[in-house]
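The values are calculated or read from the model by the stated rules, or taken from the named source; none is laboratory data. No experiment lies behind these values; they were computed from the predicted model shown. Neighbour counts run over all protein chains shown; Cβ positions are idealised from the backbone, glycine included.
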Amino acid sequence: MSEYIIIFSSARRKGNTYTAAKTLASRLGAQTLYLDDYKINAYDYEAAQHNDDFTELMEKLLKFEHWVFASPVYWYNTTIGIKNFFDRITDYMDDKQLQPQLRQLRKKHMSVLSTSNAIEGVDAFVAPFKLTADYLGMSFKAHYHARSNKPNKITIFGRSQRPRMARFNRLFHGVMINK
């Protein structure tokens, strides 16, 4: 099995993000997974039984060491599929039986592949991925970016920037505590 998996989501299954994900997959020797093929219900505070594919998907993904999330940039945000995926990880925090699986993420790596019309990737888009990786104990490795009109040309921006993110976390945390 490959060390890398590229988890991509987009309104267009075979659009620019797909092309960029396939290009990066060939460079990394990675497998790809179209997240929108899976039914992932929204997180539920009531912890109601979710009749969806999330648990099965997590079991599959935990076999990979490096997760690369690929998404077009929609108003400085990721797709709803990736957002739902991250929200549902909360199930693993809430359920004591699932917590050992959640702890496996501490040994994993995360990167992001963005696609947009911009020449460079947008920091505001990447920040939630870096913060999520940090929160889950994952090591954020890289931000890859492809322009929409050149999805086969991928640029790598800043490898892990933990010191900057640590400062950001302190500033953000301080703002939230003072509210």
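For (1) out of contact with any His (no Cβ under 9 Å at 6 or more places or on another chain); (2) of a type in the set (K, R); (3) at pLDDT below 95; (4) closer than 18 Å to Q31 by Cα, each residue gets a yes or a no:
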residue: F64; (1), (2), (3), (4): yes, no, no, yes
residue: S71; (1), (2), (3), (4): yes, no, no, yes
residue: L98; (1), (2), (3), (4): yes, no, yes, no
residue: H109; (1), (2), (3), (4): no, no, no, yes
residue: L113; (1), (2), (3), (4): no, no, no, yes
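Which one of A142, A146, A118, A133 is on the phi < 0 side of the Ramachandran plot, assigned to a helix (DSSP H, G or I) and not hydroxyl-bearing (S, T, Y)?
Only one candidate passes the filter, namely A133.
Which of the residues belonging to region 75-118 are among the small types (G, A, S) and surrounded by fewer than 16 Cβ atoms within 10 Å (Cβ to Cβ)?
Let us first name the residues in region 75-118 that are among the small types (G, A, S), namely 81, 111, 114, 116, 118.
Within region 75-118, just A118 meets the criteria.
Return the residue satisfying two criteria in turn: it lies in region 4-38 and is of a type in the set (D, E, K, R) and in contact with a helix residue (DSSP H, G or I) (Cβ under 8 Å, 6 or more places away or on another chain), and of such residues it is surrounded by the fewest Cβ atoms within 10 Å (Cβ to Cβ). Walk me through it before giving the result.
Taking region 4-38 as the starting set, the residues that turn out to be of a type in the set (D, E, K, R) are 12-14, 22, 27, 36-37.
Remaining after also requiring in contact with a helix residue (DSSP H, G or I) (Cβ under 8 Å, 6 or more places away or on another chain): 12-13, 36.
On the way: R12: 9, R13: 12, D36: 16.
The qualifying residue surrounded by the fewest Cβ atoms within 10 Å (Cβ to Cβ) is R12.
Looking only at region 34-60, which residues are hydrophobic (A, V, I, L, M, F, W, C) and either over 12 Å from the mean Cα position of the chain (by Cα) or farther than 20 Å from K108 by Cα (or both)? Working first, answer last.
Within region 34-60, the subset hydrophobic (A, V, I, L, M, F, W, C) is 35, 40, 42, 47-48, 54, 57-58.
Selection gives I40, A42, A47, A48, F54, L57, M58.
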